[in-house]
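Okay, so here's the structure we're looking at.
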Amino acid sequence: MPSGINPAPVSARRAVLLLSLGLAACGSKEVRNDDPSDPGDTAGLDVCATDLPGTDPASGTCAPVRLQCDQDLGGFRTDRYVWRDHDCRLRSVSLVRNNAADPAGWNGGYVRRYTYEVAGAPRICDGQNPQVPGWGMVTSHLNNGQTWGAWTQDARGTGRTVFKGAHHALHELKWPLSLDGNVVQVTVQYLFATGRDHPLYAITHDSSGFPADRIQADVRSPYGDLGFDGNANADIAGLGWGDRYRFVTLGSPVTMATGWDYREPNVVPYTRMWTAAPDAEMGAVQTQTWQQKPAGGYWLYPEWGTRHEAGPMPVDYNWAYQLNQYELPFVTNSHRLAWGSNFGAVGMRQYPRLGDDGVMLSGYPYQSYSVFMVLGTHAANPVLSLASEVEAWQGVKLTATEGTVRTRGPGGVGRTDEVTYDVAGYNPVHATWEANAASNRVALAFDTAGRTLVHPMLVVHDYTATAAPGAVTLNGQKLTADTDYFASVDTEGKALWLTLQRDLKGAVTLRVE
């Protein structure tokens, strides 16, 4: 068996059977494949398909999520997740394994290739920068220390597929990240789901292994550089971000002399950049509002509410998020994009949020947050559209007449401590609506307050059935499996994952039984 993710002992009999099926174990016992349509789900074995490129169903068919383990992508050992998006169009992500050195001199743990469809054809987006060979790296910088910061470039870690169902999959990566000798345990999970365009990236920094206030680090994950324009390496036509206000450039291509506007109030944090030819956009959108989870950092906030049409751009170290500012003095086609926070987000019991308005946050013992990794055409406005969707979620009222709505849950991936949700039922870790079943049944009433809830994803806990529900109804109308909704049963976790292929607006009742 090839070097795997968190390898577990495999009996000779099982290994022979895997080989005879033409299948490879992905994380071995750590993988839970509950998809009955996956040929790997044979005799209860935890395996994944190794089908070849070109075997995907025709575009427009919302086929199940597929996992292709240990794929060789130009020497990079990757696990490839293939899913269907909001419009049932094909998307895929190839994650480099983080347990060995890769050809770029990193230890994996990032997206090497991201593909999606444009006008019926695949757009292939690869990590192209020799120093930053993909997107999703874990990066923190120290305010004061012997070293400037740390990346997962030199940190060897472990990975596993936490759960692989028919239409949902969770992939987890872990690293011991050393910041001046203080080891921060980092956990990252990627969530892929039929009906959802963009992968979700959830991260936790655990500093509990050393005393509080020993380090003062920021967060910039997911950090990376990806040829989001189909590897065209075109000039960046525009960029921007959202903290309490929206920053956007006013000229193309973007240089350090470009003008900008920072006047529009903002609710949900995001970063984005785009190209004009070809038409493409890349960005990250947080699963919570700025008030719920402040993002962005440093000292540009006195410019909130201003416009500088003639430029120049802010000094590079003072952008609220890291984008391509450190490359702009030299090139105009850098596709660098990352996240950002104030120093202290990792390691400090108290640190100021962006704005220095007296509100203090805590980065010890944990710092957790989640963002969507967004790729699409700039014409479709994917980043701002998704930010608007996340904003709409905050006004939803969820109640239950059968089962119960969850109001608390883990504070982040890799954590067992619980926090109270800002919105009852909404879990920002995975951007899911959560409830507990009563005898494997739930009846949930959504009130969207006049906004549109786009293709919501539910997780029903205490679900002990081994099969998908017999009936799902919306306002009394029976829905069709794999057309109106996509379900996955996590038998080990006793949960039902369900994504509606419907938008909800107003007062709506959903029953699962």
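The numbers here are math on the coordinates, done by the rules we state, and not lab data. In this text, all values refer to a predicted model and were calculated from it rather than measured experimentally. Here the Cβ positions follow ideal geometry from the backbone for every residue, glycine too, while neighbour counts run over all protein chains shown.
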Expressed in nanometres to one decimal, the distance between label points 7 Å along Cα→Cβ at T480 and M256 is 5.9 nm
Highest average packing first - 449-455, 196-202, Cβ atoms within 10 Å:
196-202, 449-455
Starting at the first residue of the stretch 79-94, write each ³J(HN,Hα) from the Karplus equation 6.51 cos²θ - 1.76 cosθ + 1.60 with θ = phi - 60°, in whole Hz, x for Gly and Pro.
10, 9, 9, 10, 9, 10, 8, 3, 9, 6, 8, 6, 9, 8, 9, 10
When the Kirkwood radius is taken over all Cα pairs of the stretch 395-512, what Stokes-Einstein diffusion coefficient follows at 4 °C and 1.567 mPa s, in µm²/s?
90 µm²/s
Backbone N under 19 Å from the A232 label point (7 Å along Cα→Cβ), restricted to the stretch 95-131
114-129
Sequence of V413, V442 once ranked by neighbouring C-beta atoms within 10 Å, starting from the fewest:
V413, V442
Between A465 and W148, 0.36 nm times their residue separation minus their Cα-Cα distance comes to what?
109.0 nm
When you count, for each residue, the other Cβ atoms within 10 Å and take the mean per peptide, how do 66-78, 182-194 rank with the highest first?
182-194, 66-78
If you put +1 on each Lys and Arg Cβ and -1 on each Asp and Glu Cβ, how big is the dipole of the chain around its Cα centre, in Debye rounded to 20?
640 debye
The stretch 481-494 - phi-based ³J(HN,Hα) in whole Hz, Karplus 6.51/-1.76/1.60, Gly and Pro as x
4, 6, 10, 8, 7, 10, 10, 9, 9, 9, 5, 6, x, 6
Per 5 angstrom bin, beginning at 0 and ending with the bin that holds the maximum distance, the Cα pairs of the stretch 333-471 fall in percents of 2, 8, 13, 16, 17, 16, 13, 8, 4, 2, 0, 0
Can you find, among V512, V419, T464, the residue sitting farthest towards the positive end of the charge dipole of the stretch 395-512, where Lys and Arg contribute +1 and Asp and Glu -1 at Cβ?
V512
What's the local net charge at V459, with K and R +1, D and E -1, over the other residues with C-beta under 10 Å away?
-1
Using the charge dipole of the stretch 126-246 (Lys, Arg: +1 at Cβ; Asp, Glu: -1 at Cβ; taken about the Cα centre), state which of L177, V132, P211 has its Cα farthest towards the positive end.
P211
Treat each spin label as a single point 7 Å out from the Cα along the C-beta direction, and report the H86 to Y317 distance in nm.
4.0 nm
Final fewest-first order of W299, W83, W260 on the 10 Å Cβ neighbour count is W299, W260, W83
